[in-house]
Amino acid sequence: MMAQGLTVRLAALAGLWGLSLAPQSAEVALAGMVGMLVGPAVLKRIPTPVTAPGSAALLIGVAAAGSLGVVSSSGALAAALAYLLVFFAASPGRRAQRLTLLVSVLLLARGGSASQDIGFLGAFALWAAVIPGALAATSPGAASVRWSIRVTPAVLAVAWALFWMLPRPAGSPSLALDGPVSVTGFSDSVELGQMGPMLSDPTTVLRMRVDTLADVTFPETVYVRGTVLDHFDGVRWRATAPLEAEVTTAPVAKGVRVEMIQSGAEAGVLYTLGAVRRVEGVEAQTDAAGNWRVPPQSGALAWTVWSSAPFDLGARPHFLEEVERRRALQLPELDPRIQQAAADLGEGDAVVLARAARRWLQEQVQYTRSSEAIAGGDPLSTVLFERREGHCEYFASAAAVLLRARGVPTRVVNGFVSSEQNQVGGYRVVRAAHAHSWVEVYDGLAWVEVDPTPGPGQVPERAAGSEVYDALKVLWMERVVGFDGGQQRRAVATIGQSVGDLTGARGSVSTSIGWALLVGLGTAGLVVVRPWVSRWLGRLAGESGARPAGRVAGAWHSAARAAESRTGTPPPALPPLSAAQWWEERGDPAGSAMVELAWLHYRVSFGGEDDATLAEAADALATRAKAAVPG
């Protein structure tokens, strides 16, 4: 009995665990867990006539607080459910246990609907593991254990079928894969040094699953573009090219198809790889510089991009319009020392001068990932001639200014450089610490990418096992949280194609077969599970599995429910007289009345006496038992 009661409490804790994953609900869930520990002791000290009105008043107060805006409506709902769970879990009787299980399901539903954390899988797994024992604890008779073990897999099978069958929206929901990600160096306006804090942050900002098209060699180290900046005022870089209202796409015969999961786009920046030809899954705009933008959002973005080379440093063919040339040559008033350094680069074309600028910078400035931002003054001159150390942002800015001073159209690119791969999940990983800056110089035919920074430095190491955990998170997001209408149709088509390979069906016929199989599985499961579900719901309403026949039997069952709620539930399978004696031994105030009522029940059931003759006496004893108040 103790073990069965434990399973009910574990199911309740699983519900609170699921609730804790919902936004702004962790404190409520923690309070609920504490309440599970102290609730029984507190309720014993409160007179029974006070608990029901007091609980009702408390719930009305919580609802009023939510409706008046004192707390959020979601917070009020979480608090009300958590209180009900604690109240029912602390109350004696099987009916209270059944209600505890019902509220635990509501808490799990609340957590699952408001959170995308993979921790919900753990909460649900715990709940599913203990539910057979919990159902047995709420159902009298040894057969209830076998019944609950049978019904649980059936319910899970139906839930699985319904997950695949229910209609889904066309677009993926907003995902939350890594929590808040700070990418302060990625917007249309970036102050020098602003990227610095990212360089020690191991948070994942992008995952890429790459499929190569035709005979394409994909490099080990990739340069991911974020923001292309073309206007410099001495302190801040800005992107000034106007966005196009519509994005034209081009076919990709030789390149890559990349499934991207970006952890956030607060500034509306879409990270891209290579020369983008086509984007699917997001509504994006681009400009002549190659910036890609989406409406700002805090959740993760999942989309697909088709790109061609270069995927690391290379050349991007482009015809430079005059307005673009003016933007790429713009300069603020420069420190004379910078002008002199530009003059000392020597002679040559754009690429030769870019190499000279890189060589001069690497001789002049030491690379560091921990350079502090410079407040006020001329930050570029301070790094080049006073501090003589800085990170990639200063190297790229200095190279752009030196080359512009020599008449070479140049722009700065803020992005990421990464060679990290998740071998378990089969995708590439880009972290905030991979943030990097480089330049693009125009050689008359193309934008040529040049990286003036000596090296990207060391990224903080990840903990052992992090690849497996990250792969599980991605699988959870892609196959469960992000399961949308497109994935549903593809899954059904795959099932239909498999059946079609066996039957010879093709096209729409095989797809129809896939849908028919899913619908048939779900319908069959519902037919099988329905009697069990109806039986358990009947027990939740207070029935024991079969409605008692006769007024005396009905009086006994109603009085027994009252005794359970006051004093506790007797061991399973006890006959009425033994159950009445069990309550009497534990000091139930109506113990003697229950014993008398049990004897009346026996006289009708086994003695053959007339039910109508003893009904009035049985009703009187039942009324006395239900009205009894614990001393």
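The values are calculated or read from the model by the stated rules, or taken from the named source; none is laboratory data. What you see is a predicted model; the values in this text were computed from it and never measured. Positions of Cβ are backbone-derived with ideal geometry, glycine not excepted, and every protein chain shown enters the neighbour counts. Note: accessible area is taken over every heavy atom of the protein model, side chains too, but ligands, DNA and RNA are not part of it. Shrake-Rupley method; radii C 1.70, N 1.55, O 1.52, S 1.80 Å.
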Stretchable slack from A315 to L68, in nm (0.36 nm times residue separation minus alpha-carbon distance): 82.9 nm
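Filter the trypsin sites (Lys or Arg not before Pro) in segment 255-296 down to the DSSP loop ones having no more than 16 other Cβ atoms within 10 Å, then list what survives. Mind showing how you got there, number by number?
Working: sites: R257, R277, R278, R293; in loops: none.
Within segment 255-296, no trypsin sites (Lys or Arg not before Pro) qualify (loop, at most 16 other Cβ atoms within 10 Å).
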What ranking, highest mean first, results for peptides 356-362, 215-221, 417-423 when packing means the other Cβ atoms within 10 Å averaged over each residue? 356-362, 417-423, 215-221
Gain upon complete extension [R238, V38; 0.36 nm per residue less C-alpha separation]: 66.1 nm
Counting only heavy atoms of protein chains, what accessible area per residue, in Å², does segment 322-417 have with a probe of 1.4 Å? 44
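Note down the relative contact order for segment 558-631 as a percent, whole number, built from C-alpha pairs under 8 angstrom at least six residues apart. Please report the intermediate quantities before stating the final value.
Details: 71 pairs, mean separation 27.9, N = 74.
With pairs under 8 Å counted, the relative contact order is 38 percent.
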On full extension of the chain, what length is gained from Q24 through R278, given 0.36 nm per residue of separation minus the C-alpha to C-alpha distance? 87.5 nm
Ranking M594, A617, A628 by how far each Cα lies towards the positive end of the charge dipole of segment 591-631 (+1 on Lys and Arg Cβ, -1 on Asp and Glu Cβ), the top one is A628
When segment 311-377 is reduced to its Cα atoms, the Kirkwood hydrodynamic radius in Å: 15.3
Of 560-570, 228-238, ordering from highest average Cβ density within 10 Å down gives 560-570, 228-238
Rg to Rh, two decimals, where segment 559-616 supplies the alpha carbon set and Rh follows Kirkwood: 1.00
Extending each Cα 7 Å along its Cβ direction at Q362 and A109, get the distance between those two points in nm, one decimal. 6.3
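Taking a ≥ b ≥ c as the square roots of the Cα gyration tensor eigenvalues, with a/c under 1.5 meaning rounded and otherwise prolate when a/b beats b/c, else oblate, which class fits segment 331-416?
prolate
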Ellipsoid semi-axes in whole angstrom, largest first, where each is sqrt(5λ) of the Cα gyration tensor of segment 273-408: 32, 20, 15
Taking H placed 1.01 Å from N in the peptide plane, check which residues at least 5 places from A446 or on another chain put their amide H under 5 Å from its amide H. H318
